[in-house]
Amino acid sequence: MIVMKFGGTSVGTADAFAQVAEIVKHQAAQQAATGKPGVVVVTSAMSGVTNMLIEAAQKAAGGDESFHQVQEDSLLLKHQVVAGRLIEDGSERAALTRSFEERLTEFGRLCGSIAVLGELTPRGLDVVSGLGERMAAPLLAAVLRASGLRAEAIDATELIVTDALFGGAAPIDELTEARCRERLLPMLQSGIVPVVTGFIGATESGVPTTLGRGGSDYSAAIVGAALDVDEIQIWTDVNGVMTADPRIVPNARSLHQLSYEEVAELAYYGAKVLHPKTVTPAIEKKIPVRVLNTFEPAHPGTLIVEKAESDGRGTVKAITAIRSMNLITVAGRGMMGVPGIAARTFGAVANVGANVLMISQSSSEQSICFVVPESSADEVIAALRGEFQRELERHYIDEIHGMSHINIVAVVGSGMRGTPGLAANVFTAVARSGINVIAIAQGSSEANISLVVIDADVTASLRAIHDIFELHVPTEQRSPAHTAGATA
Ligand code: ADP
Ligand code: ASP
Ligand code: MG
């Protein structure tokens with residue numbers, strides 16, 4: 001039994017939908033041949049749809065009462081075009097049109113209320129932004145039926161029970177597992193392919209939530225773990241996880257295997273190919289995750305397992321960057337004598353719920369620097385100024401400030417553990433390109449070295465590090481000097 005998740009571009013056009021149907025049919029036949037039949041499909045919204053929904057909700061909150069109508073028309077057309085191309089049965093088409101119209105009426109009503117209130121709450125935003133998946137799932141189910149499979153759309157609000165942290169809800173495992181098994185297993189047993197909406201869930205009392213942007217990957221893993229499937233497949237628009245984002249580093253290569261740890265680091269530090277939480281449900285049940293290309297289905301993609309194969313030369317596996325960060329500094333000569341500064345600093349940061357992505361404290365103890373998302377910087381600085389008011393007055397602490405336009409570049413690979421000279425290689429690469437490294441840190445997992453650079457230096461840093469480790473070359477052909485970590 002497997003779960004297959006299709007991302008926005010995989011359901012972006014009628015041709016893509018047709019391609020997905022072929023892939024699902026093929027996998028369903030393969031599963032049947034293994035004697036353990038069963039395929040669960042998880043779908044994202046059609047590409048661009050979630051952004052369109054959010055844009056309309058934001059405009060409504062700003063007082064624009066009519067913009068959503070423009071979006072309604074183009075959203076209806078976008079979905080109808082696919083139905084028109086791929087579904088011949090008239091009653092299927094009529095039922096689909098009704099379901100699109102229902103969702104879009106809901107969308108119109110929601111935008112109307114948001115405009116009246118003049119406010120968009122995280123709870124309201126979750127209802128609006130989840131509508132795309134709720135249109136895509138019935139459409140994909142109908143396309144699968146038209147291609148001869150028995151398929152049925154299911155709303156994940158019936159399956160994934162979450163907390164009420166709108167915009168990034170977490171599943172409640174036991175409840176979710178029970179619901180998934182109860183609802184999906186009988187369908188699978190009677191030969192039906194359930195087509196589940198990605199991205200969304202609901203609280204125990206039924207309030208809709210989302211798992212965060214890009215969260216359909218996570219949905220697939222949650223459902224996969226609940227059903228204890230043999231494999232979780234993430235079908236996207238690239239040949240698996242690559243040595244870097246191919247849009248930024250054009251000679252990036254596909255990686256054959258990665259460990260859960262490596263992929264978690266990469267995703268956490270911005271590799272958009274997988275939602276950062278995707279591997280979490282898979283780890284516990286040791287379910288392999290495979291990342292595959294909808295548009296090149298014969299490519300083996302990337303297999304993500306507990307312990308990835310290593311030939312000793314693939315020390316550094318991949319590099320990634322996370323953007324729109326802020327580097328916060330707490331500094332002062334008097335800090336040395338004041339006990340517990342670090343604990344109080346991070347206590348204050350935790351109180352405002354900000355996520356610290358990297359910390360670097362200098363050994364002189366005269367400053368603490370750390371990186372948080374730009375969106376939480378103002379709140380963090382205000383909290384720190386409040387916490388250290390007395391120390392600021394007495395000049396034990398001289399400054400608390402933030403620096404915008406910050407990015408973290410992360411170099412990732414489990415084999416980096418205990419390999420000397422790697423950091424030197426990283427810095428040689430960036431220094432040669434004239435890049436100023438603002439701060440550095442070794443991740444606690446030792447599977448990661450991170451550096452902080454400004455916006456203008458991100459692309460050049462990624463390319464320089466990719467080059468120095470010869471990541472564009474097949475692993476077995478790389479020169480040992482670079483891969484073992486000796487200074488170049
Ligand atoms: P989907 O809609 O299928 O979920 P996403 O757009 O979320 O797809 O993720 C796929 C994209 O992730 C790719 O098109 C690629 O540009 C980007 N990406 C970033 N880092 C990597 C990486 N290391 N390997 C592969 N793709 C990456
Ligand atoms: N449609 C959602 C988004 O755009 C979820 C996803 O695509 O994974 O964020
Ligand atoms: Mg995605």
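The values are calculated or read from the model by the stated rules, or taken from the named source; none is laboratory data. Small disclaimer: the values here were computed from a predicted structure and weren't measured. Positions of Cβ are backbone-derived with ideal geometry, glycine not excepted, and every protein chain shown enters the neighbour counts. Surface accessibility is based on the protein's heavy atoms, side chains included, excluding ligands, DNA and RNA. Shrake-Rupley method; radii C 1.70, N 1.55, O 1.52, S 1.80 Å.
With an 8 Å cut-off on Cα pairs and a minimum separation of 6 or more residues, tell me the relative contact order of the chain in percent. If you can, show how the numbers build up before the last one.
Values: 1050 pairs, mean separation 63.9, N = 488.
Relative contact order, the chain: 13 percent.
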Open item on the list: Please compute the length gained on full extension between Val473 and Ile454, using 0.36 nm multiplied by the number of residues separating them and subtracting their Cα-Cα distance.
Closed with: 4.0 nm
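Report the gain in length on full extension from Asn251 to Arg109: 0.36 nm times residue separation, minus Cα-Cα distance, nm rounded to one decimal.
Length gained, Asn251 through Arg109: 46.4 nm.
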Open item on the list: Under a Cβ-only charge scheme (Lys and Arg +1, Asp and Glu -1), can you give me the dipole magnitude of segment 356-419 about the Cα centre, in debye to the nearest 20?
Closed with: 300 debye
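Sort segment 119-249 into rounded, prolate or oblate with this rule: let a ≥ b ≥ c be the square roots of the eigenvalues of the Cα gyration tensor; rounded if a/c is under 1.5, and if a/c is not under 1.5, prolate when a/b is larger than b/c, oblate otherwise.
Numbers: a/c = 1.43, a/b = 1.04, b/c = 1.38.
Because its axes are fairly even, with a/c under 1.5, segment 119-249 counts as rounded.
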Open item on the list: Once you order the gyration tensor axes a ≥ b ≥ c over the Cα atoms, which shape class does the chain get: rounded for a/c under 1.5, otherwise prolate or oblate by comparing a/b with b/c?
Closed with: oblate
Task: Average Cα contact separation per residue, segment 350-484, under 8 Å, 6 or more apart, as relative contact order % - done: 21 percent
Open item on the list: I'd like the GluC sites (Glu not before Pro) in segment 35-133 restricted to DSSP loop residues with at most 16 other Cβ atoms within 10 Å, sorted by number.
Closed with: Glu65, Glu88, Glu119
Open item on the list: Restricting everything to alpha-carbon atoms, can you work out Rg to Rh for segment 1-87 with a Kirkwood hydrodynamic radius?
Closed with: 1.15
Task: Spin-label pair Gln389/Val116, simplified geometry with 7 Å Cα→Cβ offset, distance in nm - done: 4.2 nm
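Average projected area of the Cα convex hull of segment 262-399, in nm²? Walk me through the intermediate numbers first.
Values: hull surface 46.8 nm².
So the mean shadow area of the Cα hull is 11.7 nm².
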Task: Alpha carbon centroid spacing (whole Å) that separates segment 255-283 from segment 154-219 - done: 21 Å
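Report the calculated FRET efficiency for Met336 and Arg150 (r = Cβ-Cβ distance, R0 = 45 Å), to the nearest 0.05. Display every interim value, and only then the final one.
On the way: r = 70 Å, r/R0 = 1.56.
According to the calculation, E is roughly 0.05.
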TODO: Any of Lys36/Lys78; Lys5/Lys285; Lys277/Lys317; Lys25/Lys78; Lys25/Lys317; Lys5/Lys59 with alpha carbons more than 26 Å apart? Name them for me.
DONE: Lys36/Lys78; Lys25/Lys317; Lys5/Lys59
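Is the shape of segment 399-446 best called rounded, prolate or oblate, per the rule: a/c under 1.5 gives rounded, else a/b larger than b/c gives prolate, else oblate, with a ≥ b ≥ c the square roots of the Cα gyration tensor eigenvalues?
Oblate.
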Task: Sum of -39500 (n - 2.57) over DSSP H runs of 4+, divided by residues of the chain (222 nm, nearest 500) - done: -13500 deg cm²/dmol
TODO: List, in order, the whole-Hz ³J(HN,Hα) value for each residue of segment 379-386 obtained from phi through the Karplus relation with A = 6.51, B = -1.76, C = 1.60 and θ = phi - 60°; use x for Gly and Pro.
DONE: 5, 5, 4, 4, 5, 5, 5, x
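How much accessible area per residue does the chain have, counting only protein heavy atoms and a probe of 1.4 Å, in square angstrom? It would help to have the intermediate numbers written out before the result.
Numbers: 20530 Å² over 488 residues.
With all protein chains present, the chain gives 42 Å² per residue.
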TODO: Once every Cα of segment 232-298 carries one equal point scatterer and solvent is ignored, give the base-10 log of I(q)/I(0) from the Debye formula at q = 0.14, 0.19, 0.21 Å⁻¹, two decimals.
DONE: -0.39, -0.72, -0.88
Open item on the list: Semi-axes of the equivalent ellipsoid for segment 327-462, please: Cα gyration tensor eigenvalues, times 5, square-rooted, ordered largest first, whole Å.
Closed with: 29, 16, 14
